[in-house]
Structure formats: C-alpha cells, structure tokens
1. Using just the helices of the chain, give the 222 nm mean residue ellipticity in deg cm²/dmol: DSSP H runs with n ≥ 4 each add -39,500 (n - 2.57), and the total is spread over all residues, rounded to 500.
2. In percent, how large is the relative contact order of the stretch 61-144, given Cα pairs closer than 8 Å and 6 or more residues apart?
3. If you average the C-alpha positions of the stretch 90-121 and of the stretch 49-67 separately, how far apart do those two centres end up, in angstrom?
4. Go through TRP141, THR47, VAL113 and say which Cα lies farthest out towards the positive end of the charge dipole of the chain; charges sit on Cβ, +1 for Lys and Arg, -1 for Asp and Glu.
5. How high is the relative contact order of the chain, given as a whole-number percent (alpha carbon pairs under 8 Å, six or more residues apart)?
6. Set the Förster radius R0 to 35 Å, insert the Cβ-Cβ distance between LYS145 and SER39 as r into 1/(1 + (r/R0)^6), and round the FRET efficiency to 0.05.
7. Extending each Cα 7 Å along its Cβ direction at ASN23 and THR125, get the distance between those two points in nm, one decimal.
8. List the residues, sorted by chain then number, that are 5 or more residues from GLU71 or on another chain and whose placed amide H is less than 5 Å from its amide H.
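The numbers here are math on the coordinates, done by the rules we state, and not lab data. This is a predicted model, so every value here is computed, not measured. Note: ideal-geometry Cβ built from the backbone for every residue, glycine included; neighbour counts use all protein chains shown.
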Amino acid sequence: MGFVLARRNFGEADRIVSVFSKNHGRISLLAKGVRKTSSRKRGHLETFNLIKFQAATTKGIDVISEAEVIEDYSYLKTNLQKVAVAYFVNEAVGKTTQEKERNVNIYNLVGSVFGEIAVSDNLKTIRHSFIKELLYLLGYWPKGKSLPKPDEKLQEIIERQMYSLRIGKKIQ
C-alpha cells in the first residue's frame, strides 16, 4: 500500500508514478499504457490516492502490474485550498525522502494529515505542524522545540523552493 505522491508522463502512453509506500518508502514505478483510455489502472493512479499495488522488479524502473484504490481522499479534491496543502504535503515528502528508504512514521504522518485536512479549515496550522513533525521524524528538528518559521526552515533544509507553497499562498 502507498500514497501516490506525483506522476509524470513518459513516452506515448506510459506514466512514471511516485508512490510513498509503507514497506518500501518512496519508490518510482512505471505504469505502462496507463494514459490509454482503455487502461483499467488509469483512475487508480491519481495523486493523493492511497493504493494497494503490485509491482514487478526489472533491471531499470519497476513496473506496476496491478493497482486498486483503498482511499481516494475525494474531499481533498473538492476544495482548492485543501488541494494546495495536500500538494504541499506530497512535495515535501518527495523532496525530503530518499528513494527506497523505508519510514513507516512518515507514511502514517501523510495519512493523518490528509485526515486532518478533511475535518479542519485551519490549513496553515495543519501545514506548519506537518512540517515540524516531518523535520522531527527525519532528524532535522528536536521534538518539542518551537519552530518559528517552518516554511523557511524546510526550504533551507532541502535547499530548494517549494513550488506548491508559492501557489498555496496565492490561493489563500
């Protein structure tokens, strides 16, 4: 099982999907033929979905053979501000974790943050507490210590701009 963090087109009908799984951490998988209208996996591999999947190991990138949606988090997709925070969560996890580095706590954190977004409209607080917890789990910040400017600290650590943060500020 894993959360679909991102996806990008590859070739004529394929897509590379970034998934954060419970047992394998962040992995990139090739979804062959998923962009064809007749593909059965097409709707399952959408961003934010929690999926159950099987992948075949190859010499290059692993290939998804089966995918099934466990939770689609449809409430995230109906509100633009919630979508912005969810994209921020996915981007932060994607940029702070290494490929195939297992971290069950981060997997659980993503699920709990998506759940918090559903029941709360205080999205800035959710985003800041997510950053603080993520940095703690990765060993960049001590537990319990206040974090005055979480967005700046995260960008300082990853040494990159967070694109979804910039877009989210324009929306709010």
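1. Values: 5 runs with 66 residues, N = 172.
So the calculated ellipticity at 222 nm is -12000 deg cm²/dmol.
2. Dividing the mean separation by the residue count of the stretch 61-144 yields 28 percent.
3. The stretch 90-121 and the stretch 49-67 have Cα centres separated by 20 Å.
4. Sorting the options by dipole projection puts first THR47.
5. Working: 266 pairs, mean separation 33.7, N = 172.
Answer for the chain is 20 percent.
6. Result of the calculation: an efficiency of 0.15.
7. Each label point is offset 7 Å from its Cα along the Cβ direction, giving 3.8 nm.
8. Amide H to amide H, under 5 Å and 5 or more residues apart or across chains, GLU71 pairs with LEU50.
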